[in-house]
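Every number here is computed from the coordinates shown, using simple stated rules; none is lab data. Because the structure is a prediction, the values reported are computed rather than measured. Quick reminder, even Gly has a Cβ in these numbers, built from the backbone with ideal geometry, and neighbours come from all protein chains shown.
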Amino acid sequence: MPADPVGGAGEAVDLLAVGPDRSAGSDRSAGSIGVAGSAGSVSVGSVGSVGSVGSVGSVGSVGDTRRSGAARLVLFLLAVAVLAGSVAVAVRIGTADVGWTGLGRVLGARLGLDVDPLPPLMDSLVWDLRLPRVLMAALVGASLAVCGTVLQAVTRNALADPYLLGVSSGASTGAVTVVVLGVGASALGVTGGALVGALLSFALLLLLLRRSGLDSVRIVLTGVVVGQLFTALTSLVLMASADADTTRAVTHWLLGSMAPARWNTVVVCAIVTPLGLAVAWLCSTALDGLSFGTDTAASLGIGVRHTRALLLVVTAVLTAVAVATVGAIGFVGLIVPHGVRFLVGPLHRVLLPCAALAGAVFLVWTDALARVAFAPREVPVGVITALLGVPLFLLVLRRRGEL
């Protein structure tokens, strides 16, 4: 697929930075946006009709979305620095605090430097348990944040999120089926099962919405129905297993936990996550157009059907890999994009990488909280994200006048 799916309209879509109105059934392509000539220039015809409170482009006040490139670059570099610092702190803290010197000794010894290594037990604690776990949290957080950002643009719905739309539940069903029934229960097999489940849940969701459209409340309610269906199927699959230990382990994993993270699964996520982000970023201009509706996107030269299908597959793959490795973690794709969009504006070429960084930081700290808040017991990270995500979900509904 070409790097700019919109073609000559790429620069013109920058004018859409004021943020589209995604309220139910509204397509402003005729009233608020005019496409001029073959150059694909876009003029905003009615500023008052766009950027409405509660839209995907504007949760709360839009503020000054036209931030300078220098300010965005500074914000991006700051986010990178915050992520690096967060990873370092999260690896250090825990029931056994290795200290900065100990952390440096572990990393130095692994890199072949002339340092005094830590005792084998402490070295294994840092290198084999904590570091893969923290890196996995960063990668999964980035994946889920990108998924939420893409889904909110493709569906023109501020509440779109892999968890709320039932995609995570579908991926969980596929992964659990592979694990419990032993159908190729390897890391690759579990990921493949999760991908099949995610695609099936996506297909069912779109099938149920084919006539009703993408009304904000309806899509969430339909997503809840799809999610409950696949949750029930997961329970049936678990009932088919007579192994109580497997059932207990899978049930805990379904709540979302970074504990199973190991270097082999980190490598898989480290390959898939950047690739998914890259594909989404190459489609950033198309996402800007899709945010205003299919008619507007088509008028800008976007191949709506193929672009939307590609983006949904990318979202399914990212969700499947995340679920296959750490279980279903909800609300990251809802919380992070809204906060980042408020800071950097709705243009997806800026929003996507910033959302990925913010999602990584968010889940690293959420997982750290899950590890240390009730030590020595560990709370599933999915429980923490749900406690944080539900209030924001209600706030978005309230601001849209739907609660």
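Things worth noting here:
- Karplus-based coupling profile of segment 372-385, in residue order and whole Hz: 9, 4, 10, 4, x, 7, 10, 8, x, 5, x, 5, 5, 5, with θ = phi - 60° in 6.51 cos²θ - 1.76 cosθ + 1.60 and x standing for Gly or Pro.
- Arranged from fewest to most other beta-carbon atoms within 10 Å of their beta carbon, F374, F393, F230, F76 become F374, F76, F393, F230.
- Calculated on C-alpha atoms, the gyration radius of segment 154-328 divided by its Kirkwood radius gives an Rg/Rh of 1.01.
- Efficiency of FRET from Cβ geometry, R262 and A81, R₀ 25 Å, rounded to 0.05: 0.35
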